[in-house]
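Asker: Dropping the structure in here first, questions after.
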Amino acid sequence: MLLIPAIDLKDGKCVRLRQGIKEKSTIYNQDPLAQALHFEKLGSSMIHLVNLDGAFGIKSKNIEIIKNIITQLNIPIQIGGGIRDLSTIEMWIDHGASRVILGTVAVKNPKIVAEACKKFSNKIVAGIDVREGFVAIEGWEKKTFIKGVSLAKQLITLGISRIIYTEIENDGMQKGMNIESIANFAKSVNAKIIASGGFSSLQDFEDLKSTGCENIEGIIVGKAIYDGTFDLATILKK
């Protein structure tokens, strides 16, 4: 199971939010490229990049920063945040992104998801972010009445084979992942799952492995790394 470090960009800086609330952000690095290179040096096999400004519909300098990270690093980069049309999907893939994550558009315009899957196959990933079991979109600011599992099953019929599943209540809180909920989601869908939200220690990693869900292929790790409560290098060397 992979541990994938996350870099969330807000106004050109590397930040972390608490429960996705943009007003509750902490700046961890003024230089996102340096942070990405650090993760690569530690031995990360992939980096999860999120353009928070894009997710909130705000224009910023994040686009050029992300392009530079993709160009400078030698490991795969998956990118999400505000990607809501086919031209943007094509732009990121042409620039070298390994995977493109679709969230809001998967709810609002699933036709684009189908077109993207048909054209780019396994480079397209669905981002399903839930609060109290219901999908949230537009930078997690808008809650829908769509259940996470229901959306997942719909998207799988459109060609999605990989899903990043995030539990918003736990994100950035470092209180541990909701292992039971993640496992139930994974068991309900026929797709590869990357879990996100609340990772706090190696115990989360071991507990998720112990569920026996073979389709859970990775965990996205954020605040626990930046706050120093978890040593990414130690487990990457195992």
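Asker: Tell me, please, whether a residue that is surrounded by fewer than 21 Cβ atoms within 10 Å (Cβ to Cβ), outside any helix (DSSP H, G or I) and at pLDDT 85 or above can be found in segment 192-199.
Answerer: Initially, segment 192-199 is screened for residues surrounded by fewer than 21 Cβ atoms within 10 Å (Cβ to Cβ), giving 192.
Retained after the next criterion (residues that are outside any helix (DSSP H, G or I)): 192.
Still in the running and at pLDDT 85 or above: 192.
Yes, because at least one residue in segment 192-199 is surrounded by fewer than 21 Cβ atoms within 10 Å (Cβ to Cβ), outside any helix (DSSP H, G or I) and at pLDDT 85 or above.
Asker: Just one of ILE156, ILE220, ILE163, ILE179 is modelled with pLDDT of 90 or more, surrounded by 15 or more Cβ atoms within 10 Å (Cβ to Cβ) and within 22 Å of PHE39 (Cα to Cα); which is it?
Answerer: On the way: ILE156 fails: within 22 Å of PHE39 (Cα to Cα); ILE163 fails: within 22 Å of PHE39 (Cα to Cα); ILE179 fails: within 22 Å of PHE39 (Cα to Cα).
Only one candidate qualifies: ILE220.
Asker: To continue, here is another question. Look through PHE205, PHE185 and report the one residue that is farther than 30 Å from LYS119 by Cβ, among the hydrophobic types (A, V, I, L, M, F, W, C) and over 13 Å from the mean Cα position of the chain (by Cα). Talk me through it step by step, then tell me what you get.
Answerer: Working: PHE185 fails: farther than 30 Å from LYS119 by Cβ.
After applying the criteria, what remains is PHE205.
Asker: Of all the residues that make up segment 73-88, how many are surrounded by 13 or more Cβ atoms within 10 Å (Cβ to Cβ) and either hydroxyl-bearing (Ser, Thr, Tyr) or over 20 Å from ALA116 (Cα atoms) (or both)?
Answerer: Of the residues in segment 73-88, 3 are surrounded by 13 or more Cβ atoms within 10 Å (Cβ to Cβ) and either hydroxyl-bearing (Ser, Thr, Tyr) or over 20 Å from ALA116 (Cα atoms) (or both).
Asker: Can you pull out the helices (runs of 4 or more DSSP H) entirely within segment 25-121 that have at least 2 residues that are within 14 Å of ASP8 (Cα to Cα) and without any contact (Cβ under 8 Å) to a residue 60 or more places away in the chain? Spell out the reasoning first.
Answerer: Numbers: elements: 32-42, 52-55, 62-72, 86-95, 104-108, 110-120.
Helices (runs of 4 or more DSSP H) meeting the threshold: 32-42, 52-55, 62-72.
Asker: Can you say whether GLY212 is assigned to a loop (DSSP other than H, G, I, E, B) and surrounded by fewer than 21 Cβ atoms within 10 Å (Cβ to Cβ), as far as the supplied structure shows?
Answerer: Values: assigned to a loop (DSSP other than H, G, I, E, B): yes; surrounded by fewer than 21 Cβ atoms within 10 Å (Cβ to Cβ): yes.
It is true that GLY212 is assigned to a loop (DSSP other than H, G, I, E, B) and surrounded by fewer than 21 Cβ atoms within 10 Å (Cβ to Cβ).
The values are calculated or read from the model by the stated rules, or taken from the named source; none is laboratory data. Every value quoted in this text rests on a predicted model; they were computed, and no experiment measured them. Every residue, glycine among them, receives a Cβ derived from its backbone with ideal geometry; neighbour counts consider all protein chains shown.
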